[in-house]
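Let me begin by presenting the structure, written as structure tokens, before commenting on it.
The values are calculated or read from the model by the stated rules, or taken from the named source; none is laboratory data. None of these values were measured; they are calculated from a predicted model. Cβ sites come from the backbone with ideal geometry, for glycine too, and all protein chains shown count toward neighbours.
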Amino acid sequence: MVRIPGGVYRIGAPAEEHALELKGFRIDRTEVTNAQFAEFLNALPLKPSGNAQGGKVRAANFAPPDRPLFLETYNYPIIGLDDDEARIGVREGRFAADAGLENHPVAEVTWAGALAYCRWRSARLPTEAEWEAAARGTQGRRYPWGDAAPTPELAVIGQPSGVTLPVGSRPKGATPEGLLDMAGSLAEWTSTLYRPYPYHRDDGREDPADPGERVTRGGDYVFQPGPEHLLAWQRAGFSRRPSSGHRHIGFRCAAG
């Protein structure tokens, strides 16, 4: 994890920008990978059977066969392993990343699944404000790397749907603090309910039991290098339903 110091950060697009004081926190340097999430699945009380590549793991592959991957608190799926874009399968009775994709960012994880993984690591999801502060820094950067327009050398963008790259593949696009893939690659879940800015932590938007939509951040790998999608304050994204995974959404954890 990378340490983000406490301080006053500029949050929001120019028309809604506001200053926000945050305590210091830590956040993962890269997005969570297929191999890391498979390790989490293997720690659950599930015994997968058979052998299958990602995108082919269905209820029949689990024992008992009628028990899907659910997070008890929310009764939401953890990850859609039966989706064609999933990259975690089953080999010799264990969950495993598809060969060659171990270090690629994990997709198809629901918000509930991302939350469960971070808790398993004794961590948590970053709030939307923390995510933006980490991407912009105290300088209020337009993009994680600074003010230069996005290019394929700075971010994983312009890729065909379903074609990801290993995490950290664009070191030139790192933040000054060393965070990688904060723009492009996969969009990322945050802990925060999708509500208007300004951000107020105590207004209910951080209620973990609320079933509403959760904010995703960071653009994704299929966007062309247009500034509107990769700006560090951009809040628009793909499906934000906490019960659904998506081929374009991943996550990273935070702590502190």
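Figures for the structure shown
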item: Residue check for residue 111: surrounded by 23 or more Cβ atoms within 10 Å (Cβ to Cβ), under 30 Å from residue 39 (Cβ atoms) and modelled with pLDDT under 95; result: yes
item: Positions within the stretch 166-202 being within 18 Å of residue 87 (Cβ to Cβ) and touching a residue at least 60 places away in the same chain (Cβ under 8 Å), in sequence order; result: 166, 167, 168, 181, 185, 186, 187, 188, 189
item: Of all residues in the stretch 85-109 being farther than 16 Å from residue 185 by Cβ and small (Gly, Ala, Ser), the one that is nearest to the chain's Cα centre (by Cα); result: 86
item: Single residue of the stretch 139-171 satisfying the filter (within 29 Å of residue 213 (Cβ to Cβ) and among the polar types (S, T, N, Q)) that is surrounded by the most Cβ atoms within 10 Å (Cβ to Cβ); result: 164
item: Condition broken by residue 42, with the remaining ones in (1) polar (S, T, N, Q); (2) assigned to a loop (DSSP other than H, G, I, E, B); (3) at pLDDT below 95 satisfied; result: (2)
item: Qualifying residue in the stretch 186-193 (condition: in contact with a Pro (Cβ under 8 Å, 6 or more places away or on another chain), β-branched (Val, Ile, Thr), closer than 29 Å to residue 55 by Cβ and assigned to a loop (DSSP other than H, G, I, E, B)); result: no
item: Qualifying residue in the stretch 108-120 (condition: in contact with an Asp or Glu (Cβ under 7 Å, 6 or more places away or on another chain), touching a residue at least 40 places away in the same chain (Cβ under 8 Å) and of a type outside the set (Val, Ile, Thr)); result: yes
item: Evaluation of residue 148 against (1) in contact with a helix residue (DSSP H, G or I) (Cβ under 7 Å, 6 or more places away or on another chain); (2) outside any helix (DSSP H, G or I) (one fails), failing number; result: (1)
item: Candidate set from the stretch 114-138 (those that are of a type outside the set (Lys, Arg) and not in a helix (DSSP H, G or I)); member that is surrounded by the fewest Cβ atoms within 10 Å (Cβ to Cβ); result: 122
item: Filter result (within 19 Å of residue 33 (Cα to Cα) and in contact (Cβ under 8 Å) with a residue 60 or more places away in the chain) within the stretch 203-219; result: 217, 218, 219
item: Verdict on residue 163 being hydrophobic (A, V, I, L, M, F, W, C) and farther than 19 Å from residue 127 by Cβ; result: yes
item: Pair list, Cβ < 8 Å and 6+ apart or interchain, from the stretch 245-256 residues that are under 25 Å from residue 25 (Cβ atoms) and modelled with pLDDT under 95 to residues that are small (Gly, Ala, Ser) and surrounded by fewer than 23 Cβ atoms within 10 Å (Cβ to Cβ); result: 249/237; 249/239; 256/24
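This table checks each residue for (1) assigned to a loop (DSSP other than H, G, I, E, B); (2) over 16 Å from the mean Cα position of the chain (by Cα).
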| residue | (1), (2) |
| --- | --- |
| 202 | no, yes |
| 207 | yes, yes |
| 216 | no, no |
| 241 | yes, no |
